[in-house]
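Contents: one structure, followed by commentary.
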Amino acid sequence: METSQLASHCKELLLTRNRVSLGTLGSFIAEDLPASFTRDSHVLLPPGRRISFKASETWNDGLLENAVESKAELNELLAKITYSLNKEKSVTLEDFGKLRRTKEGDIFFVIDKNIILNPGGFGLVPLSLSPLEAPSKIKSPVFPQKYEELSSAETPPPVPASSDPDTKQRHLGGMWITLGIILLIVILILIVYVFREPLRPLLETILYSRQERSLL
């Protein structure tokens, strides 16, 4: 059995599975990622699927054993991969990615950038969001001087709404009414809190039904 066959089986299984075990070597883990923005918020990335490798996930789910023709050949290939990782620190899985071992002994996986294992995101591409252009400043048309003088003479200057005494009075009246309502609510809350014990039967009658009061 070759590494290309192993890679093909892993890719096919990871399309529908979130975990594929390589025995005592570890497991591939698939995580669905929602659509997200890049750091500069200029590009919207479509939903994706991240593939990683965890050496701590040694529980064997048996998916590869059921997918291959010979379990003995699979075990032999996994032993070769383990040996290559210990000696050469890297193993290539054709058209899938690379397994690498660090100096500390940790194993991680680098997927091929051309591999897409997200059927739900097929056909979706990153969307570039260009910033909106600054609004243009439209200049008013130039009228003849005589027309401007006539218009300014006939049209009285507008009176600011804030200078109307009736408007100010209405605003003040509305503000006092709002403050009065807030003060009344605070007083009612204080009364209920202070006299909560004497008012408990009345509150229970309001808040609970007869069956709920019998349970209480």
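The values are calculated or read from the model by the stated rules, or taken from the named source; none is laboratory data. Computed from a predicted model, the values in this text were never measured in an experiment. All Cβ positions, even for glycine, are placed from backbone atoms using ideal geometry, and neighbour counts span all protein chains on display.
Observations on the structure shown:
- Matching residues, the range 48-96, being within 14 Å of PHE108 (Cα to Cα), in a loop (DSSP other than H, G, I, E, B) and out of contact with any strand residue (DSSP E or B) (no Cβ under 8 Å at 6 or more places or on another chain): SER56
Okay, residues lined up against (1) under 26 Å from the mean Cα position of the chain (by Cα); (2) at pLDDT 95 or above:
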position: LEU14; (1), (2): yes, no
position: ASN18; (1), (2): yes, no
position: SER21; (1), (2): no, yes
position: THR24; (1), (2): no, no
position: ASP32; (1), (2): yes, no
position: ALA35; (1), (2): yes, no
position: THR38; (1), (2): yes, no
position: LEU44; (1), (2): yes, no
position: ILE51; (1), (2): yes, no
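- With respect to the conditions (1) in contact (Cβ under 8 Å) with a residue 40 or more places away in the chain; (2) among the basic types (Lys, Arg); (3) in contact with a helix residue (DSSP H, G or I) (Cβ under 7 Å, 6 or more places away or on another chain), LYS11 lacks only one, and its number is (3).
- Qualifying residue in the range 78-96 (condition: surrounded by 13 or more Cβ atoms within 10 Å (Cβ to Cβ) and under 31 Å from the mean Cα position of the chain (by Cα)): yes
- Scope the range 16-30; condition among the small types (Gly, Ala, Ser) and under 9 Å from LEU63 (Cα atoms); matching residues: SER21
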